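Mind having a look at this structure? Questions to follow.
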Amino acid sequence: MREPDAGVSVAVASASRLGESPMWHPREQVLYWCDIPGRRLNRFDSRTGALSHWDFDCEPASCAPCLDGTLLLAMRDGLWRFDPASGKRTRLAKPPYDPAQERFNDGKCDPQGRFWVGTIYEPRDPALAALYCFEDGELTRKAEGITTSNGLGWSADGRTMYWSDTKAHTVYAFDFDPPSGKLSGRRVFVSFPPRQPGQDLSHYGGRPDGAAVDAEGFYWVAMFEGQRLLRLSPSGEIAREVALPVRCATMPCFGGADLRTLYITTARENRPAAELAEQPLAGCVLSLRVDVPGLPVHLFG
């Protein structure tokens, strides 16, 4: 494994168990992210260094900003409108699955303000997870046949949607119709070699987890257990590889006033003690300045 990229630094030193779904709030100009098993939503203001959080009774997996100033939270027990100012949570949709075996995972809004969210089927086999779209109070199943939903993103022109199955080491692309949200033409965008039995992690490239798209249409993806972040061209070729100081990056997002700071959440949950001793930044939020800005986060509704 290469030495970590010199441009990678620590943005938030307070470690999550499983940091996920970072989101740069376009109005508040702050970073939100979830600690899924920690049942916590975090907020970081890079201008002041202020770090705050909210704790819940079940796992938050992803969040999106709403037009009215609240947040949409995807949690094991459904979709919720959450007001950070009051701490009040109002359910918008019940979970379309058995919460004992499945939960919501990666979720984002498309440019038209619909909220897309996938699930993770925790028994892992068979592949029963799915992708849903929440619009006008209705939750609609849009795609299926995977185990661990991740990697949501849209191309710069909004006409391609990306979606990954982390367990299958595969990122898919769909033709996306912006007015209707209709998906078609599902195809493999890129796939990665799975880890072989007995293969040392130092020789394993990882599997695709969360992702973000930049203004040139390149797809940045965190490679879980691969200790790296990749920038993929619109044709799926590796344009850049960023070596990280932690084994398990989970998701990047673009932030800062110029959207040129890449924030990267990471995990320490269920990692070997020896690995954590060697990688004390596991679970922290990392950052990297990049030349090409990211696409802005879209608001729900």
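Order ILE36, ILE238 by their accessible area, 1.4 angstrom probe, all chains in place, largest first.
These residues rank, largest area first, as ILE238, ILE36.
Using a 7 Å offset from Cα along Cα-Cβ at LEU201, what residues in the range 256-273 end up with backbone N under 19 Å from the label point?
264-273
In the range 10-104, which GluC sites (Glu not before Pro) are in a loop and have at most 14 other Cβ atoms within 10 Å, using DSSP for the loop call?
GLU28
Note the full-extension length gain between ALA277 and ASP291 as 0.36 nm times their separation in residues minus their Cα-Cα distance, in nm to one decimal.
1.8 nm
Excluding ligands and nucleic acids, what accessible area in Å² is computed for CYS284 using a 1.4 Å probe, to the nearest 10?
0
Let me check something: with ligands and nucleic acids excluded, how do ASP5, ASP98 order by accessible area (1.4 Å probe), largest to smallest?
ASP98, ASP5
Run the paramagnetic zone check for ARG27: 7 angstrom along Cα to Cβ, then residues of the range 36-65 with backbone nitrogen under 19 Å.
42-46, 63-65
Quick one: the Cα spread of the chain along its three principal axes, in angstroms, biggest first?
Taking the Cα atoms of the chain, the three principal extents are 47, 45, 40 Å.
Report the charge-dipole magnitude of the chain in Debye, nearest 20, computed about the Cα centre from +1 at each Lys and Arg Cβ and -1 at each Asp and Glu Cβ.
The calculation lands at about 180 debye.
What value does the range 152-211 have for Rg/Rh, both radii from Cα atoms and Rh as Kirkwood defines it?
Result for the range 152-211 is an Rg/Rh of 1.12.
Further question: P(r) for the range 87-144, please, calculated from all Cα pair distances in 5 Å bins and given in %.
4, 18, 27, 25, 16, 8, 2, 0
Using 7 Å Cα-to-Cβ label points, what is the GLU144/ALA100 separation (nm, one decimal)?
The two pseudo-label positions are separated by 2.1 nm.
Tell me the carbon and sulfur percent of the accessible area for the chain, rounded to whole percent, probe radius 1.4 Å.
It is 48 percent, rounded to a whole number.
Take ARG124 and ASP177, extend 7 Å from each Cα along the Cα→Cβ direction, and tell me the distance between the two endpoints in nm.
Simple spin-label model gives 3.8 nm for this pair.
The values are calculated or read from the model by the stated rules, or taken from the named source; none is laboratory data. This is a predicted model, so every value here is computed, not measured. Positions of Cβ are backbone-derived with ideal geometry, glycine not excepted, and every protein chain shown enters the neighbour counts. Each accessible area value is taken on the protein alone, full model and side chains, heavy atoms only, with ligands, DNA and RNA left out. Shrake-Rupley method; radii C 1.70, N 1.55, O 1.52, S 1.80 Å.
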